[in-house]
């Protein structure tokens, strides 16, 4: 990242680190299609646990490989099948609980709304959207934030608060987040870039000291 007159080069930062996680996974959120949005919801659930980013991505790709990326397919696959997919991705620490959670979420989503787009339409505004998502068993603020922050452009009611960790990195780099519109693609990429920088610094600290410690904060917050 280059600095110009003591200031961080925002464009360079975004170019280097600003690829969205949904883009990395091949999910097209801008299409606003139900299937693409649900794929990102599934990925967000996997990212939302205290587990490495690498394992979460590998596990999501296993779901894609097995064509289990819709509520119907999750329900058809059943608990045993979901556990197998989770284990193939290395998600063994939370395989049983996540399989149970996915089945309950898929069932509730279909019964209550029919899909995520209908859930979005039913929401009165940003806070109500967050509330409705968190009514699903096991979906808390962290998973909600992961899911909605990359939908800022596609879903205008996606207006989740910026993570304290992102604000911390922005402050250290001298980046004024108030200079950007939160519902713009550039802000989403900047937010993602700052988050990744935080992750890289955490990794460097662990490697430098040769430790495998639990971080004080969930990396996805």
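Remarks
- Linear extension gain, residue 32 paired with residue 94, 0.36 nm per residue minus alpha-carbon span: 19.3 nm
- Between the entries (i) 30, 22, 14; (ii) 25, 21, 17; (iii) 36, 17, 16, the label attached to semi-axes √(5λ) of the Cα gyration tensor in Å calculated for this structure is (i).
- Angle in degrees between helix 71-88 and the longest Cα principal axis of the chain, rounded to the nearest 10: 60
- Angle between the chain longest axis and helix 95-112 axis [Cα atoms, degrees, rounded to 10]: 80
- Folded to 0 to 90 degrees: helix 53-65 orientation relative to the chain principal axis, Cα: 40
- Ratio of Rg to Rh over region 4-44 (Cα coordinates, Kirkwood Rh, two decimals): 1.22
- Taking label points 7 Å from Cα along the Cα-to-Cβ direction, residue 171 and residue 185 give a separation of 3.2 nm.
- Calculated mean residue ellipticity at 222 nm for the chain: -19000 deg cm²/dmol, from DSSP H runs with n ≥ 4 weighted as -39500 (n - 2.57), summed, divided by the residue count and rounded to 500.
- The length gained on full extension between residue 124 and residue 58, counted as 0.36 nm times the residue separation minus their Cα-Cα distance, comes to 20.2 nm.
- Dimensionless Rg over Rh [region 21-149; C-alpha; Kirkwood]: 0.93
- Gain on full stretching of the segment that runs from residue 117 to residue 162 - 0.36 nm per residue minus C-alpha separation: 13.9 nm
- For region 1-94: span of alpha carbons on each principal axis (Å, largest first): 58, 31, 18
- Kirkwood hydrodynamic radius (C-alpha pairs) into Stokes-Einstein, region 103-178, 25 °C and 0.890 mPa s, D in µm²/s: 180
Just so you know, all these numbers are worked out from the coordinates, no wet-lab data involved. As the structure is a computational prediction, the values presented were derived from the model and not from experiment. Methodologically, a virtual Cβ is constructed for each residue, glycine included, from the backbone with ideal geometry; neighbour enumeration extends over all protein chains shown.
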